[in-house]
Amino acid sequence: MLEVQPLSSRARLRRGLACLALVGIFVGPAAAQNTANWKLAERFNSQALSPFLYGSSVNPRFIGKSDVFWYSWKDPSGVRFMIVDPAKRSKKPLFDSAKMAARLTELLKKPYDTTSLPITTLSFNDDGKKFNFTVERRRFEYTMATEALKEITDEKRPDAPPAAAGGAGRQFGQGRAPASDYRNYSPDKKFYVYAEDHNLYLVDVADEKKPIQLTKDGAKDYSFGARGEGSRGQQQQQQQDQQQEQTDVQRNEELRARDPRVRANVTWSPDSKTFYVTRTDVRKIKDLFLVNSLSTPRPTLMTYKYAMPGDLEDGEQEVFVLDMPKKELKQLELSKYDDQRLFEMTWLESSDTIRATRRDRLQRNLELIDIDPKTGGTKILITESTENGFLERQPIRYMKKKDGDFVWWSERDGWGHLYLYDRNGKIKNRITEGAWRVDGVADHDEEKGDVYFYGVGKEAGENPYYRHLYRIDANGKNLQLLDPGNADHTSAVSPSKKFFVNTASRVDMAPSARLLDDRGNVVLDLEQQNIQALLDWGWKAPELFNVKAADGVTDIYGVMWKPVDFDKNKKYPIVAHVYPGPQTESVTSTFSPANTNQRLANLGMIVIQIGNRGGNPRRSNAYHSYGYYNLRDYGLADKKAGIEQLAARNSWVDVDRVGIFGHSGGGFMTGAALLVPPYNDFFKVGVSSAGNHDNNVYNANWSEQHHGLKQVTDKDGKRSFQIKVPTNAELAQNLKGKLLLVHGDMDNNVHPAGTVRLVDALIKANKRFDFMIMPGQAHGFGPMQGYFTQMMMEYFAEHLIGDHYRQSADMTVKK
């Protein structure tokens with residue numbers, strides 16, 4: 001809503017000329033300065049660019065245990081399927097596309113050609129001589145040597161399930177659920193386990209008609225297995241819309257009516273003598289609610305379990321082991337911390353030891369432990385802790401099956417690195433070190449003892465977020481870069497470890513895929529994305545930049561999109577697309593030509609993504625933990641400092657017209673930018689979508705993990721958890737500039753209560769702002785995403801450029 005002020009005669013003249021310009025009677029430079037370039041923006045939307053976008057990465061599918069692999073690739077001629085034999089340095093078509101199109105046309109009675117082969121779910125037999133694939137929901141088999149193609153009926157399909165309990169074969173898409181859906185077999189195939197009505201059953205294959213009921217206390221939210229209930233984490237993080245959810249519920253009811261048995265998530269010991277199983281009691285976790293106003297004939301209530309930060313009831317995890325001789329389930333007492341969680345549980349060589357990682361509710365202390373399944377006794381192998389930051393973990397990699405050596409990832413020295421331990425938890429040596437980060441173990445060579453891992457930040461002169469593949473001896477010697485090049489790399493290791501399939505790209509470099517040997521030499525050039533049509537269309541690559549954080553020392557990296565008709569003699573408003581983290585940053589590193597930021601820039605503005613301290617775990621632990629105990633304000637100083645540096649370098653950046661927008665955590669930061677002094681004087685316009693403006697009603701795990709939780713015990717010994725994340729609503733009286741808030745009313749990830757509380761506070765503070773609800777939409781806006789994007793672009797065009805054309809009720813693109 002605009003406030004009307006009395007106009008001077010000169011102002012009335014300017015407004016009159018502007019009105020004339022809008023109806024096309026007068027067109028001149030003065031009017032053009034206040035007009036967004038809608039035609040150019042729509043020329044570069046994702047739909048307009050889609051005909052020019054082709055393959056972007058090679059995803060190798062290795063055949064059996066060999067190094068031979070196949071992949072698919074799209075280029076201007078259509079989709080190609082290729083097969084590569086690294087040892088022979090050969091690359092050729094997997095089949096003759098013209099012949100395949102002709103044969104499919106005959107079999108399916110539908111016309112196909114080489115540009116329209118809708119082949120999906122392709123999979124090879126282990127010997128690599130035949131492969132199966134799906135077209136139009138029908139399955140086919142292709143023999144490589146003879147080029148023979150035939151359709152596979154349900155009964156003959158190699159991936160068909162075993163016979164149902166009654167002995168009859170199952171037709172796909174009809175009949176009862178297959179036996180393989182619920183039977184969790186022991187390795188020797190003598191027993192299997194399933195769940196029914198939340199309880200656990202053991203079946204001796206020799207006497208299947210007499211299942212043994214192992215538990216009787218199973219219940220909803222305290223279950224060993226049930227259709228459609230999922231884990232607590234899944235319940236909190238599902239972002240599906242209500243229509244899909246209703247479809248799933250209906251399907252689960254139909255499946256349950258046919259067969260109530262479901263697969264139980266038990267883990268058998270290698271010797272088949274026992275198994276372990278976990279169960280989490282979430283019955284005391286309180287419910288959260290959403291109302292689907294679009295349901296007919298009347299709105300419906302969606303109810304789900306949702307633990308909030310600091311809740312005492314966060315779900316109790318239990319561990320059980322099967323006593324096979326007695327055919328009984330025994331619970332193990334493993335608790336050390338309040339509300340602890342166990343991760344990566346696994347059997348070692350036999351049924352004598354279970355290994356697991358145990359972590360406290362604060363997520364600042366963890367232990368690697370060995371568990372005696374007979375007694376429940378534990379042995380602590382490794383302890384990790386931190387005082388002021390989230391304690392990250394990564395999966396363990398076991399090097400040798402015989403001696404039990406394993407690779408452990410830790411940030412104990414401030415950077416993520418690898419350490420080699422023996423079976424008993426005694427450190428043998430450090431594997432990697434330095435002011436850079438190991439981003440995950442890719443593979444290992446059991447015979448040679450080599451470790452293959454992904455690393456970031458090691459190569460001088462590169463963006464520290466560019467990923468590379470490295471190899472190193474387990475003793476920490478002979479470190480080697482395997483995919484060199486100043487770009488972000490995705491590399492897959494072949495089964496023999498002699499070859500690597502690598503795809504490299506940057507925001508300003510089209511993807512290229514290569515086959516490399518174990519020394520990093522190029523064996524074959526596989527593919528190069530063809531962007532000539534994109535360039536002919538007028539597309540221009542964004543630019544990379546780096547600036548200093550507000551401390552004047554820390555390097556911050558970013559990407560800049562300019563209008564494709566950029567004129568250095570003009571002044572442009574600048575808009576920051578943000579997601580502050582802490583688990584990631586919204587800074588694109590790979591080739592993304594259809595990025596919405598380019599479309600927005602073409603309206604006549606500079607659009608950037610820029611990092612901030614606390615925004616990405618791919619740096620040091622100090623960088624990652626910068627916002628600990630300050631989850632609202634921590635990133636704003638670096639955003640402001642970075643934009644100011646860009647303006648100082650570039651005369652065409654108008655630092656007096658600064659916008660900001662983001663989704664989810666980015667929506668939270670956008671709201672804060674217009675509310676927290678002094679940043680609310682710097683950022684003039686913000687569009688906040690699905691923002692978690694009140695993290696005290698966001699899910700417990702994320703808020704506690706990244707903001708920080710405290711555990712206290714009162715004088716009577718009663719414990720409680722304390723957390724108070726600063727909210728945007730409490731600063732409502734500070735709002736300056738123009739703010740648009742958008743949220744889906746069926747968002748079961750970031751509950752709309754956070755945004756509604758901010759709206760309530762803004763109204764009570766007598767602040768002007770804009771608010772839009774997306775009916776029926778979850779955390780993503782689904783079919784309404786296009787509407788939201790247009791609304792966001794109009795908002796920036798109006799308040800940063802001065803294009804006030806939003807006069808019509810129709811949401812149309814200005815030509």
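The values are calculated or read from the model by the stated rules, or taken from the named source; none is laboratory data. Because the structure is predicted, anything quoted here is derived from the model rather than measured. Glycine gets a Cβ as well: all are built from the backbone with ideal geometry, and neighbour counts include every protein chain shown. Side chains included, ligands, DNA and RNA excluded: accessible areas come from the protein's heavy atoms. Shrake-Rupley method; radii C 1.70, N 1.55, O 1.52, S 1.80 Å.
Counting the residues of the stretch 717-776 that are among the β-branched types (Val, Ile, Thr), touching an Asp or Glu at 6+ places or on another chain (Cβ under 7 Å) and buried (at least 19 other Cβ atoms within 10 Å of the Cβ) gives 2. Scoring Gly604 on the criteria (1) small (Gly, Ala, Ser); (2) closer than 19 Å to Phe796 by Cβ; (3) out of contact with any strand residue (DSSP E or B) (no Cβ under 9 Å at 6 or more places or on another chain) leaves a single failure, condition (3). For the stretch 441-500, which positions are of a type in the set (Lys, Arg) and either open to solvent by less than 20 Å² (accessible area, probe 1.4 Å) or over 26 Å from the mean Cα position of the chain (by Cα) (or both)? Of everything in the stretch 441-500, those that are of a type in the set (Lys, Arg) and either open to solvent by less than 20 Å² (accessible area, probe 1.4 Å) or over 26 Å from the mean Cα position of the chain (by Cα) (or both) turn out to be Lys448, Arg471, Lys477, Lys497, Lys498. Remark: Ala809 falls outside the filter, which requires a residue to be crowded, with 18+ Cβ neighbours inside 10 Å and small (Gly, Ala, Ser). Taking residues in the stretch 578-601 that are closer than 25 Å to Trp38 by Cα and in a loop (DSSP other than H, G, I, E, B), and partners anywhere that are open to solvent by less than 30 Å² (accessible area, probe 1.4 Å) and of a type in the set (Lys, Arg), the pairs with Cβ atoms closer than 9 Å and at least 6 places apart or on different chains are Val578/Lys639. Identify all residues within the stretch 425-434 that are surrounded by fewer than 18 Cβ atoms within 10 Å (Cβ to Cβ) and aliphatic (A, V, I, L, M); write none if there are none. Within the stretch 425-434, Ile427 is the sole residue that qualifies. Residues considered: Ser491, Ser496. Of these, the only one that is in a loop (DSSP other than H, G, I, E, B) and closer than 30 Å to Glu447 by Cβ is Ser496. Name the residue that is modelled with the lowest pLDDT, counting only residues in the stretch 176-202 that are of a type in the set (A, V, I, L, M, F, W, C) and surrounded by 19 or more Cβ atoms within 10 Å (Cβ to Cβ). Result: Ala177.
Pairing residues of the stretch 665-691 that are farther than 23 Å from Asp745 by Cβ and among the basic types (Lys, Arg) with residues that are open to solvent by less than 10 Å² (accessible area, probe 1.4 Å) and part of a loop (DSSP other than H, G, I, E, B), at Cβ distances under 9 Å and at least 6 apart in sequence or on separate chains, gives Lys684/Leu674.
Consider the stretch 676-716 and keep the residues that are of a type in the set (D, E, K, R) and surrounded by fewer than 19 Cβ atoms within 10 Å (Cβ to Cβ). The one that is nearest to the chain's Cα centre (by Cα) is Lys710.
Taking the criterion of being of a type outside the set (Gly, Ala, Ser), in a loop (DSSP other than H, G, I, E, B) and at pLDDT 90 or above, the only residue of the stretch 791-807 that qualifies is Asp803.
Considering each residue of the stretch 133-150, count those that are aliphatic (A, V, I, L, M) and surrounded by fewer than 17 Cβ atoms within 10 Å (Cβ to Cβ), and give that number. Residues meeting the conditions: 3. Of all the criteria given as (1) open to solvent by less than 60 Å² (accessible area, probe 1.4 Å); (2) within 29 Å of Leu334 (Cα to Cα), the one not satisfied by Arg437 is (2). When the stretch 631-656 is filtered for residues that are among the β-branched types (Val, Ile, Thr) and open to solvent by less than 20 Å² (accessible area, probe 1.4 Å), the ones remaining, listed by number, are Ile643, Val653. Of Ala550, Ala504, all but one fail to be on the phi < 0 side of the Ramachandran plot and in contact (Cβ under 8 Å) with a residue 24 or more places away in the chain; the exception is Ala550. Here the stretch 524-553 is the region considered, the condition is being buried (at least 18 other Cβ atoms within 10 Å of the Cβ) and in contact with a Phe, Trp or Tyr (Cβ under 7 Å, 6 or more places away or on another chain), and the residue that is nearest to Phe566 (Cα to Cα) is Pro542.
When only residues in the stretch 708-730 that are among the polar types (S, T, N, Q) and touching a strand residue (DSSP E or B) at 6+ places or on another chain (Cβ under 8 Å) count, which is nearest to Asp633 (Cα to Cα)? Among them, the one singled out is Gln722. Listed by first and then second residue, the pairs with beta-carbon distance under 9 Å, at least 6 apart or on different chains, first residue in the stretch 371-386 and more than 15 Å from Asp360 (Cβ to Cβ), second of a type in the set (S, T, N, Q) and surrounded by fewer than 13 Cβ atoms within 10 Å (Cβ to Cβ), are Gly376/Gln331; Lys379/Asn424; Leu381/Asn424. Does Gln790 qualify as being within 21 Å of Tyr306 (Cα to Cα) and of a type in the set (S, T, N, Q)? No, not satisfied. Selection of the stretch 441-462 for residues being over 16 Å from Ser589 (Cβ atoms) and either in a strand (DSSP E or B) or of a type in the set (Lys, Arg) (or both) yields Val441, Ala442, Asp443, His444, Lys448, Asp450, Val451, Tyr452, Phe453. Quick check on the stretch 382-391. Is at least one of its residues over 27 Å from the mean Cα position of the chain (by Cα) and either open to solvent by less than 20 Å² (accessible area, probe 1.4 Å) or hydrophobic (A, V, I, L, M, F, W, C) (or both)? Yes, the stretch 382-391 contains at least one residue that is over 27 Å from the mean Cα position of the chain (by Cα) and either open to solvent by less than 20 Å² (accessible area, probe 1.4 Å) or hydrophobic (A, V, I, L, M, F, W, C) (or both). Annotation: of all residues in the stretch 554-577 being assigned to a loop (DSSP other than H, G, I, E, B) and in contact with a Gly (Cβ under 7 Å, 6 or more places away or on another chain), the one that is most open to solvent (accessible area, probe 1.4 Å) is Val564.
Give me the residue from the stretch 87-130 that is of a type outside the set (Asp, Glu), out of contact with any strand residue (DSSP E or B) (no Cβ under 8 Å at 6 or more places or on another chain) and within 22 Å of Val68 (Cβ to Cβ) and, out of that set, most open to solvent (accessible area, probe 1.4 Å). My answer is Lys88. Any residue at all in the stretch 244-259 that is buried (at least 16 other Cβ atoms within 10 Å of the Cβ), of a type in the set (Val, Ile, Thr) and either at pLDDT below 95 or part of a loop (DSSP other than H, G, I, E, B) (or both)? No, because not a single residue in the stretch 244-259 is buried (at least 16 other Cβ atoms within 10 Å of the Cβ), of a type in the set (Val, Ile, Thr) and either at pLDDT below 95 or part of a loop (DSSP other than H, G, I, E, B) (or both). What residue, among those in the stretch 279-290 that are of a type outside the set (Val, Ile, Thr) and closer than 28 Å to Arg364 by Cβ, is surrounded by the most Cβ atoms within 10 Å (Cβ to Cβ)? The extreme case among them is Arg279. Taken together, the residues in the stretch 395-424 that are part of a loop (DSSP other than H, G, I, E, B), touching a Leu at 6+ places or on another chain (Cβ under 9 Å) and open to solvent by less than 40 Å² (accessible area, probe 1.4 Å) amount to 5. Each residue in the stretch 607-657 was checked for being in a loop (DSSP other than H, G, I, E, B) and in contact with an Asp or Glu (Cβ under 7 Å, 6 or more places away or on another chain), and 7 of them qualify.
Number of residues in the stretch 291-345 that are buried (at least 17 other Cβ atoms within 10 Å of the Cβ) and touching a Pro at 6+ places or on another chain (Cβ under 8 Å): the value is 3.
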